[in-house]
Every structure is written in structure tokens, then in C-alpha cells.
Amino acid sequence: MNTCYIVCALDSTLDFIPDKGDFVIGADRGYEILKKQQKRIDLAVGDFDSLGKAPNCENIIKFPTKKDDTDSALAIKHAVSLGYKKIVVYGAIGGCLDHTIANLAHIANYTEKGVDISFIDNEHITFAIHNSSVSFSNEANGRISVFSFNDKSEGVFEKGLLYELDNYTLTNQIPLGVSNEFIGKKAEISVRNGTLIIFTSKNNIKHLTK
């Protein structure tokens, strides 16, 4: 599956190498981060207030400062409009709290629409599952947190972790799933009806199966 990589304003180590069919978007200051790390840039998107001016880029979509969407949201929408079903976003989680909350909403929204979308910072990966499951090999380590993005998520199972759940109903007001831990076993998280936001170490990406 081809991937759209989106780089946003927060400083990030960009550890991806795009394949021929992949697409790379720099959202506002993300354009500068891509350029500094000598990554391919297929498109620049945003109002470019963080840069101070629009970059000298061959392919660019410039928006007014007064707009309904953030630059990251505009970049994600464009990726989806191009038909990408796998999107990886760098530099969008961990800065301003309001933007982080907005980006969590994007993760839930697009996951429910069938898009495989994840947000990566220098230390963590954040993604969601909707009416489905995800597993980690026994080599995964460190912490993992699971939150319900809906009012309630029913039929939640957490197996092979330090604290297990069995057919539990998680709500978005009681964060029971925070700071669980891998214990050297294959772990599986699933939900029968609802959307779960999952947060764990970036190092666990290679041990992850969706």
C-alpha cells in the first residue's frame, strides 16, 4: 500500500524513505523541516504563517490565514482526496495542547472512515482502531495506553499486557487504559464497537500488526 507522509511544524527526526508511489507533503513549517533533512517534497500546503512567507516550491497550495482547518488537517484532507489510504504524520503531536487534541480527533475520524492513519513524534506513535484489533509481538516493550474516543467503546479486550481487560466497556471520561505495560508476551488489543486511541513507544512500530 502506498503511503502519504505529512510533515508538520514540530521538530521531528524524519526516519522514513519514500518509495516511488508514496507522496510527501510539507505542512507549513514542515516544508522547512523536510528541506533541512534533505527529504523529497512533493507538495507544500498551508497558510505559511510559521514560515513568514510561502516557500519557493514548484508544487504549492496556499491558504489564507483565516480558515476553518489547521494546516495539518488541510494536508490530511488533500492526501485523502488523492486516494491515499495510509497516512503517516510527523511533527503534529506534543506541541500546543489544542492542536494535539484536534489531531487526536483527526486520528479517530479518519480511522472510522477506513484510513490507516498514525501520528509519530520523536518518541511515540499514536493511532486508532475502530471495531477491530491490533497486535504486538513479544518483543514490544515499555508502556502502552488505550483510550476510548467515543462516549463508550464496548467489548474491549487487552490481552498479554500487565493489566488485562476482558469484554470491558471503556468510556471517554474514565481513562482506565492509561500506562499499561508490555511484559514480554504477544499482546492484542481489540474493540467490538467503538474507537480506541492507542499510544506507545515509536520503537514498537516494528513489532506492530494492524
| field | Ranking of Leu10, Leu82, Leu196 by count of other Cβ atoms within 10 Å, fewest first | value | Leu82, Leu10, Leu196
| request: Using Cα centres only, tell me the gap between the range 68-134 and the range 156-173 in whole Å. | output: 23 Å
| request: Please list the radius of gyration and Dmax for the range 129-209, considering alpha-carbon atoms only, with Å as the unit. | output: 11.5, 33
| Counting pairs of alpha carbon atoms under 8 Å apart in space and at least six apart in sequence, what relative contact order in percent does the range 17-105 give? | 20 percent
| said: Report the rotationally averaged projected area of the chain based on its alpha-carbon convex hull, in square nanometres. | reply: 11.4 nm²
| query | For the range 1-121, taking Cα atoms only, what is the radius of gyration to one decimal and the Dmax to the nearest whole Å? | reply | 13.0, 36
| said: How charged is the neighbourhood of Val45? Take every other residue with its Cβ under 14 Å from the Cβ of Val45, and add Lys/Arg as +1 and Asp/Glu as -1. | reply: -4
| DSSP-assigned coil residues among GluC sites (Glu not before Pro) in the range 109-210, each with at most 13 further Cβ atoms within 10 Å | Glu123, Glu139, Glu164
| task | Net charge near Ser133: determine it from the other residues with C-beta under 15 Å of the C-beta of Ser133, scoring Lys and Arg +1 and Asp and Glu -1. | result | -2
| said: Show me the trypsin sites (Lys or Arg not before Pro) within the range 1-102 that DSSP assigns to loop and that have at most 15 other Cβ atoms within 10 Å of their Cβ. | reply: Lys20, Arg40, Lys53, Lys66, Lys67
| Among Phe23, Phe48, which comes first, then next, by fewest other beta-carbon atoms within 10 Å? | Phe23, Phe48
| If Lys and Arg each add +1 and Asp and Glu each add -1, what is the summed charge of the other residues whose beta carbon sits under 15 Å from the beta carbon of Leu34? | -3
| In the range 103-209, chymotrypsin sites (Phe, Trp or Tyr not before Pro) in a DSSP loop with at most 14 other beta-carbon atoms within 10 Å | Tyr163
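Each value in this text was obtained by applying a stated rule to the coordinates, not by laboratory testing. Just so you know, these numbers come straight off a predicted model, no measurement behind them. Don't worry about glycine lacking a Cβ; one is built from the backbone with ideal geometry, like all the others, and counts go over all protein chains shown.
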